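What follows is one structure encoded as structure tokens, with my remarks underneath.
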């Protein structure tokens, strides 16, 4: 059973389009995250939700809008895609008050042309 | 703000030799430190963590890490490297104010046969 899953795995689209990435975790965790990994492999947090509430919103363009319909799901919608949005996006989850480690999904490689 | 530094972009080691991947940290308060590994085209996998207790922490795949408070370091080690250990390794620290991890820039480990 996959603990943290993301769809799609690959996403190729043109500038100006709108796209969504979905994430689901079956670990029973109450906190979920979106990270962006750039071409140099640098990993940076974008958002975090705890029990469907936004708790972390780093300096991310407002073209990026996360949504958490329930604590097992966290989706990321991106409007008006730009070339600089090309990256690998990782979803992760953890449990509040637990041992603090986060568990990561396999990533979604977004390529904007 | 919490931060970690990985001073080496790449570490090369021969199979069977011991390996060390370096990490230093800067935190206010007690550090919660983690190591993750990323294989090509995969998500991050949790290796081990230090929260409190023994300075030598054992983790997955035969890896261990040594917490050194006086040197503010948390180096990842393995007594005998395998070719299959070749991957990208990330050190991370938990931000005590928020439920997020701050990652280092990553160190690529290359184990030659």
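Numbers for the structure displayed
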{"quantity": "Residue under evaluation residue B:110, criteria (1) within 27 Å of residue A:7 (Cα to Cα); (2) in contact (Cβ under 8 Å) with a residue 40 or more places away in the chain; (3) in contact with a strand residue (DSSP E or B) (Cβ under 7 Å, 6 or more places away or on another chain), criterion not met", "calculated": "(1)"}
{"quantity": "Checklist (1) away from chain B (no Cβ under 11 Å); (2) surrounded by 15 or more Cβ atoms within 10 Å (Cβ to Cβ) applied to residue A:50, failing item", "calculated": "(1)"}
{"quantity": "Scan of segment B:84-109 for residues that are more than 14 Å from chain A (Cβ to nearest Cβ) and either at pLDDT below 95 or touching a helix residue (DSSP H, G or I) at 6+ places or on another chain (Cβ under 9 Å) (or both), ordered by number", "calculated": "B:84, B:85"}
{"quantity": "Qualifying position, being touching a helix residue (DSSP H, G or I) at 6+ places or on another chain (Cβ under 6 Å), more than 26 Å from residue B:47 (Cα to Cα) and more than 10 Å from chain B (Cβ to nearest Cβ), among A:12, A:112, A:60", "calculated": "A:112"}
{"quantity": "Any hit, segment A:86-102, residues being modelled with pLDDT of 95 or more, more than 10 Å from every other protein chain (Cβ to nearest Cβ), outside any strand (DSSP E or B) and touching a strand residue (DSSP E or B) at 6+ places or on another chain (Cβ under 6 Å)", "calculated": "yes"}
{"quantity": "Matching residues in segment A:79-97 - criterion: being touching a residue at least 24 places away in the same chain (Cβ under 8 Å), over 15 Å from residue A:44 (Cα atoms) and surrounded by fewer than 22 Cβ atoms within 10 Å (Cβ to Cβ)", "calculated": "A:79, A:80, A:81, A:82, A:83, A:95, A:96"}
{"quantity": "Matching residues, segment A:21-41, being part of a strand (DSSP E or B) and either within 11 Å of chain B (Cβ to nearest Cβ) or buried (at least 19 other Cβ atoms within 10 Å of the Cβ) (or both)", "calculated": "A:21, A:23, A:24, A:25, A:31, A:32, A:33, A:34, A:35, A:36, A:37"}
{"quantity": "Count - residues of segment B:72-107 that are surrounded by fewer than 19 Cβ atoms within 10 Å (Cβ to Cβ), farther than 25 Å from residue A:45 by Cα and in contact (Cβ under 8 Å) with a residue 40 or more places away in the chain", "calculated": "5"}
{"quantity": "Unmet criterion (only one of (1) in contact with a helix residue (DSSP H, G or I) (Cβ under 8 Å, 6 or more places away or on another chain); (2) more than 14 Å from chain A (Cβ to nearest Cβ); (3) at pLDDT 95 or above) for residue B:81", "calculated": "(1)"}
{"quantity": "Considering residues of segment B:24-66 that are more than 10 Å from the chain's Cα centre (by Cα), in contact (Cβ under 8 Å) with a residue 40 or more places away in the chain and facing chain A (nearest Cβ under 10 Å) only, the residue surrounded by the most Cβ atoms within 10 Å (Cβ to Cβ)", "calculated": "B:44"}
{"quantity": "Condition check for residue A:45: closer than 20 Å to residue B:44 by Cβ, within 14 Å of the chain's Cα centre (by Cα), modelled with pLDDT under 90 and surrounded by 15 or more Cβ atoms within 10 Å (Cβ to Cβ)", "calculated": "no"}
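The values are calculated or read from the model by the stated rules, or taken from the named source; none is laboratory data. What you see is a predicted model, and the numbers here were worked out from it, not measured in a lab. Here Cβ is always computed from backbone atoms with ideal geometry, including for glycine, and neighbour counts include all displayed protein chains.
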